[in-house]
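The values are calculated or read from the model by the stated rules, or taken from the named source; none is laboratory data. None of these values were measured; they are calculated from a predicted model. Please note: Cβ atoms are built from the backbone with ideal geometry, for glycine as well, and neighbour counts cover all protein chains shown. Note: accessible area is taken over every heavy atom of the protein model, side chains too, but ligands, DNA and RNA are not part of it. Shrake-Rupley method; radii C 1.70, N 1.55, O 1.52, S 1.80 Å.
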Amino acid sequence: MRARHGMISNSEVNFVVVEPENRELRALIDRLDDELKARYPHETIYVVDFSDPKVREMTFVVAYAGDKPVGCGGLRPLDPDSSVMELKRFYVDPDTRKQGIANRMLLDLEQKARAAGCREIRLETGIKQPEAIALYEKHGYRPIDLFGPYIGDPDSLCYGKSLS
């Protein structure tokens with residue numbers, strides 16, 4: 001049941017694995033990109049290149065509250081055996097934040113990573129996203145050195161978590 005004032009009960013949220021072409025996934029990622037462009041210079045936004053065939057190696061999840069898409073996240077293998085993955089494009093619609101959706105979606109993605117043989121998740125977030133930093137730290141992610149394309153970016157913070 002839907003609670004008063006637009007609140008969503010946790011039992012109403014489902015996490016569905018979708019293909020990269022999924023319209024609702026793409027719309028959520030577009031909204032995330034718009035939010036990031038309002039906080040950072042455009043050249044420091046690390047998008048997913050959906051034209052790259054390697055995008056098929058990623059696992060994407062859309063969070064649905066009933067039939068409404070309210071969040072998304074992805075996992076990208078960083079090594080050939082998927083023992084290290086990167087959390088990408090993690091987003092919850094502003095109208096449904098502070099309702100536990102991000103917590104549950106992060107746990108769902110961690111479970112999917114473990115099932116794929118992942119032993120460590122890494123992620124990049126920005127210095128102007130205190131709410132994201134707080135979420136990741138609450139779930140046991142710890143600061144790590146900048147990696148890959150984030151090396152040298154003064155707006156980037158990287159975190160990692162062992163799943164073993």
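What the table shows:
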| item | result |
| --- | --- |
| Given (1) touching a residue at least 60 places away in the same chain (Cβ under 8 Å); (2) polar (S, T, N, Q); (3) open to solvent by less than 10 Å² (accessible area, probe 1.4 Å), number of the condition Ser83 does not satisfy | (1) |
| Those residues of the range 90-119 which are among the hydroxyl-bearing types (Ser, Thr, Tyr) and either within 14 Å of Arg76 (Cα to Cα) or in contact with a Cys (Cβ under 7 Å, 6 or more places away or on another chain) (or both), in sequence order | Tyr91 |
| The range 119-138: number of residues that are in a strand (DSSP E or B) and either of a type outside the set (A, V, I, L, M, F, W, C) or in contact with a Ser or Thr (Cβ under 7 Å, 6 or more places away or on another chain) (or both) | 5 |
| Tally of residues being within 20 Å of Thr59 (Cα to Cα) and either more than 16 Å from the chain's Cα centre (by Cα) or of a type outside the set (Val, Ile, Thr) (or both) across the range 115-138 | 10 |
| Long-range neighbours under 8 Å by Cβ, at least six apart or interchain, first residue at pLDDT 60 or above within the range 1-22, second of a type in the set (D, E, K, R) and loosely packed, with under 11 Cβ neighbours inside 10 Å | Pro20/Arg56 |
| Those residues of the range 42-65 which are assigned to a strand (DSSP E or B) and open to solvent by less than 20 Å² (accessible area, probe 1.4 Å), in sequence order | Phe60, Val61, Val62, Ala63, Ala65 |
